[in-house]
Amino acid sequence: MERVLAVVDGEESTKELLREAGEIADGVGAELVLLHVTSEEEFAEREEALASITDYDAQYGISQAKEGAGQFARDLGREVLADVDVEFEAVGRLGDEVEEILAAADEHGADHVFVQGRTRSPTGKALFGDRAQQVALDFDGPVTVLTA
């Protein structure tokens, strides 16, 4: 294991996933990349909410969304990994979660991915798919899935 990609989101259980990924990366001397993906739906909602503020003069676009996602990953990494002896790179992306996770893993040369599983009913999985399952099926390497 040389480079680990840990996918972080707003769920409280993400902290456990991040801690686990950080400790393992530290233990084997691997580089750690933290990724937060803002979905297109979240982006559109935020853009619309900011546009509705009459006194708000700044623009909110794709680069701001990616920067915000990266800042979220960075802040979470600082909080959770403060006492773990591992450095990390924080990355923010915008788009379809599975596509962006796989693209980031490829771009950063990740050989292991940590991703949060979501608890869904069998019907929910059949209708909407499962992010962790898709990553595990499509990533060419080991995937660690933590569920709450």
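Results, tabulated for the structure shown:
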| read-out | value |
| --- | --- |
| Residue tally, condition part of a helix (DSSP H, G or I) and surrounded by fewer than 20 Cβ atoms within 10 Å (Cβ to Cβ), over segment 54-79 | 13 |
| Residues of segment 1-35 classified as hydroxyl-bearing (S, T, Y) and either farther than 17 Å from Q71 by Cα or modelled with pLDDT of 95 or more (or both), total | 1 |
| Cβ pairs under 7 Å, 6+ apart, first in segment 130-141 and closer than 11 Å to V113 by Cα, second assigned to a helix (DSSP H, G or I) | V135/V98; V135/I101; V135/L102; F139/L102; F139/A105 |
| A25 within 25 Å of V113 (Cα to Cα), part of a helix (DSSP H, G or I) and touching an Asp or Glu at 6+ places or on another chain (Cβ under 9 Å) | yes |
| Breaking point among (1) over 17 Å from P142 (Cα atoms); (2) modelled with pLDDT of 95 or more; (3) open to solvent by 30 Å² or more (accessible area, probe 1.4 Å), for G92 | (3) |
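The values are calculated or read from the model by the stated rules, or taken from the named source; none is laboratory data. Computed from a predicted model, the values in this text were never measured in an experiment. In this analysis, Cβ positions are derived from the backbone assuming ideal geometry, glycine residues included, and neighbour counts consider all displayed protein chains. Note: accessible area is taken over every heavy atom of the protein model, side chains too, but ligands, DNA and RNA are not part of it. Shrake-Rupley method; radii C 1.70, N 1.55, O 1.52, S 1.80 Å.
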